[in-house]
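Before any comments, here is the structure.
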């Protein structure tokens, strides 16, 4: 079981690093296609599997030393917080521009609508890309503190 935990941990680090790099590129281009979201969701799913496996190991085996458990659980919390912030990104952009709703955006000229959509996409990408980077760092620290 420990070998599976290590393998899933490596996969979680790799997928989150890929999501981070791909997200940075998508942010620069101000667009995120379906492949970015697939990579990101896969990375997030592997983090969940990693935490579950770690939990099973903690409950059934010898207790890990130091901060290993904290570094192992924090990536899940970072992911959940990032998703909450991502979901609020559109409203934050609208609030910054003094717009009440998406309907108000629809009444704007096409150029302004496009700018708002790009701002929303970039904010969402920034949030999840930074979160993926933080997850990589936390998982690397978890690996370093493993007994």
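The values are calculated or read from the model by the stated rules, or taken from the named source; none is laboratory data. Treat the numbers as computed from the prediction; the structure is a model and nothing was measured. Neighbour counts are summed over all protein chains in view; Cβ atoms, including those assigned to glycine, are modelled from backbone coordinates with ideal geometry.
For residue 86, the criteria (1) out of contact with any helix residue (DSSP H, G or I) (no Cβ under 6 Å at 6 or more places or on another chain); (2) under 30 Å from residue 123 (Cα atoms) hold in every case but one, which is (1). Just one of the numbered conditions (1) at pLDDT 90 or above; (2) more than 20 Å from residue 146 (Cα to Cα) is not true of residue 31: (1).
Residue by residue, here is whether (1) surrounded by 13 or more Cβ atoms within 10 Å (Cβ to Cβ); (2) at pLDDT 95 or above holds:
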position: 47; (1), (2): yes, yes
position: 86; (1), (2): yes, no
position: 98; (1), (2): no, no
position: 101; (1), (2): no, no
position: 110; (1), (2): no, no
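Going residue by residue through region 115-137, is there one that turns out to be surrounded by fewer than 17 Cβ atoms within 10 Å (Cβ to Cβ), in contact (Cβ under 8 Å) with a residue 40 or more places away in the chain and over 10 Å from the mean Cα position of the chain (by Cα)? Within region 115-137, one or more residues are surrounded by fewer than 17 Cβ atoms within 10 Å (Cβ to Cβ), in contact (Cβ under 8 Å) with a residue 40 or more places away in the chain and over 10 Å from the mean Cα position of the chain (by Cα). Against the conditions (1) more than 12 Å from the chain's Cα centre (by Cα); (2) within 30 Å of residue 115 (Cα to Cα); (3) in contact (Cβ under 8 Å) with a residue 40 or more places away in the chain, residue 33 satisfies every one except (3).
Among the residues making up region 11-30, those that are more than 13 Å from residue 130 (Cα to Cα) and either in contact (Cβ under 8 Å) with a residue 60 or more places away in the chain or in contact with a strand residue (DSSP E or B) (Cβ under 9 Å, 6 or more places away or on another chain) (or both) are 12, 13, 30.
What is the one condition in (1) within 24 Å of residue 126 (Cβ to Cβ); (2) loosely packed, with under 12 Cβ neighbours inside 10 Å that residue 14 does not satisfy? Exception for residue 14: condition (2). Among the residues of region 1-21, just one is over 20 Å from residue 76 (Cα atoms) and part of a helix (DSSP H, G or I), namely 3. Would you be able to say whether some residue in region 76-88 is in contact (Cβ under 8 Å) with a residue 60 or more places away in the chain and at negative phi? Within region 76-88 (the criterion being in contact (Cβ under 8 Å) with a residue 60 or more places away in the chain and at negative phi), the answer is yes, since at least one residue qualifies.
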